[in-house]
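*Asks:* Encoded as structure tokens, here's the structure I'll be asking about.
The values are calculated or read from the model by the stated rules, or taken from the named source; none is laboratory data. None of the values given here were measured: they were computed from a predicted structure. Backbone-built Cβ (ideal geometry, glycine too); neighbour counts: all protein chains shown. Protein only, heavy atoms only, side chains kept; ligands, DNA and RNA dropped before computing areas. Shrake-Rupley method; radii C 1.70, N 1.55, O 1.52, S 1.80 Å.
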Amino acid sequence: MGNTIKAYDRISDVDVIMSVIRPQMAVGLGNLLLINSLAKPVESGANTQAQTLSDTLTSEEIENGLLLRKTDKNTGAVYREYKNLDAVKIDYADNEAILMKAESYFTQDNHSDRIAILDLPAGKEQEALGAFWFFNWTFAIMAKSNDDKTALTTLSNIFEANKDHFLVIQTNDVSLLNGLQGQNYTIGLKHDLSEPMDAAFVGAIATLPVGSTTWKFKTLQGISPESLTANELNSINKVNAIAYTTVFGKDQTTEGKSLSGEYIDTLHGIIWVKNEMQAQLEKLLQSNNKLPYDQTGINMVLATATQVLTKAFEKGIILTDDNGKADYTVSATPRQQQSAQDLSDRHYGGLSFTYHASGAIHSLTIHGSVNSDTILQ
């Protein structure tokens, strides 16, 4: 048995213990992915075939700001996470589209501590995204605009099927979005393609605490507001797209809806509740040597779910009712109501909950009366 080495003692009546607190990786629901579709086989910045790339980073790559690299061998897609714009420039020095989006993203006040870029062969979007779906990102934009309605519909449908990530599409022609009406998890932006409103939009808002903000009224750094007529704005609102314009001297984003007409903050809150519920209940299973299949274990499941919903209420995701209480219900059916098959499989499916999403005021109508001394003849 080895000897335990202790620090030397210094004669003193004061003992100072120092702890180094380092920045924590931003793991949340606001990180950005750039989808970079390539017509030829995926290559690195040094023109090395993706198949030869190592998932292990060199000390030089780490020093230069590359945080993660992973290759999907089935599609050849390469996923990378970068610490800052300078790190992106090393691999994409000649890619103006990616650099423009990355620069806009990191210009925003609320950008994350990373940006992800997925190089994938064109036509392999579904397979490549599936390989990296649960990596550290929630919002995706395209490195280059795409006016192929069939391709956009396919991409949008991937996000709609999973219901836990957002696709942000920027176009200067809102008719391109007509076929995507009803999509909860696709966001449409109307803006000139010479400016990366999509990257700025995510960078300015997505990392703000879920439940604390609406997506309307937000100012985007480096993006020029468009001068819109009332008819033009109505046309944009009609397809549930979002524009960037000036209202009473302030540059701001408009309505803040996804293409279904549902508000982004409501959907973002749903994703948060789903993820947090899953994470905390998984932690409950992992942290107990045995979660008994009796009322004690069921009560522990119920308590964990209640804690998640209470936290959601505190974050502003769940509405406050007329009595000042959180507007949610949660219940767990007892063991005797579970099926024989569930008991045999050690599966519990008796937990359910409902909550009323907290909305926001986006417009006002004010009624005023004026008392006048003028007598009209």
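*Asks:* List the residues whose amide H sits under 5 Å from the amide H of LEU189, counting only those 5 or more places along or on another chain, with H placed 1.01 Å from N in the peptide plane.
*Replies:* Those lying under 5 Å, H to H, from LEU189 are ILE169, GLN170, THR171, ILE242.
*Asks:* Now for a separate question. Pairs LYS70/LYS311; LYS274/LYS325; LYS73/LYS144; LYS149/LYS311; LYS70/LYS250; LYS250/LYS315: which are spaced more than 32 Å apart, C-alpha to C-alpha?
*Replies:* In this structure, LYS70/LYS311; LYS149/LYS311; LYS70/LYS250 lie more than 32 Å apart at Cα.
*Asks:* Next question, about the same structure. For the chain, set up a GNM with springs between Cα atoms under 10 Å and report which of THR58, THR71, THR153 has the largest fluctuation.
*Replies:* Residue with maximal mean-square fluctuation among THR58, THR71, THR153: THR58.
*Asks:* Let's see if you can work this out: charge +1 on each Lys and Arg Cβ, -1 on each Asp and Glu Cβ, no other charges. What is the dipole magnitude of the chain about its Cα centre, in debye to the nearest 20?
*Replies:* Computed charge dipole of the chain: roughly 780 debye.
*Asks:* For region 188-280, what % of the accessible area comes from carbon and sulfur atoms, probe 1.4 Å?
*Replies:* Ligands and nucleic acids excluded, carbon and sulfur give 52 percent.
*Asks:* Given a 10 angstrom Cα cut-off, can you work out which residue in VAL301, VAL174, VAL14 is the most mobile in a GNM of the chain?
*Replies:* Looking only at VAL301, VAL174, VAL14, the largest GNM fluctuation is found for VAL14.
*Asks:* Only Cα pairs under 8 Å and at least 6 apart count here; give the relative contact order of the chain as a rounded whole percent.
*Replies:* That works out to 13 percent.
*Asks:* A follow-up question, please. In region 289-328, carbon and sulfur make up what percent of the accessible area (probe 1.4 Å)?
*Replies:* Its accessible area is 46 percent carbon and sulfur atoms.
*Asks:* Which residue fluctuates the most in the chain, going by a Gaussian network model with Cα springs under 10 Å, if the choices are ASP109, ASP322, ASP119?
*Replies:* ASP322
*Asks:* When you count, for each residue, the other Cβ atoms within 10 Å and take the mean per peptide, how do 181-188, 123-130 rank with the highest first?
*Replies:* Highest mean packing first, the order is 181-188, 123-130.
*Asks:* I've got another one for you. Hey, can you rank 237-248, 131-142 by average C-beta count inside 10 Å, highest first?
*Replies:* 131-142, 237-248
*Asks:* Still on this structure: Residues of the chain: accessible area per residue at 1.4 Å, in Å²?
*Replies:* Accessible surface, normalised per residue, equals 58 Å².
*Asks:* Moving on. Placing +1 on the Cβ of each Lys and Arg and -1 on the Cβ of each Asp and Glu in the chain, which of VAL301, SER352, ASN289 has its Cα farthest towards the positive end of the resulting dipole?
*Replies:* ASN289
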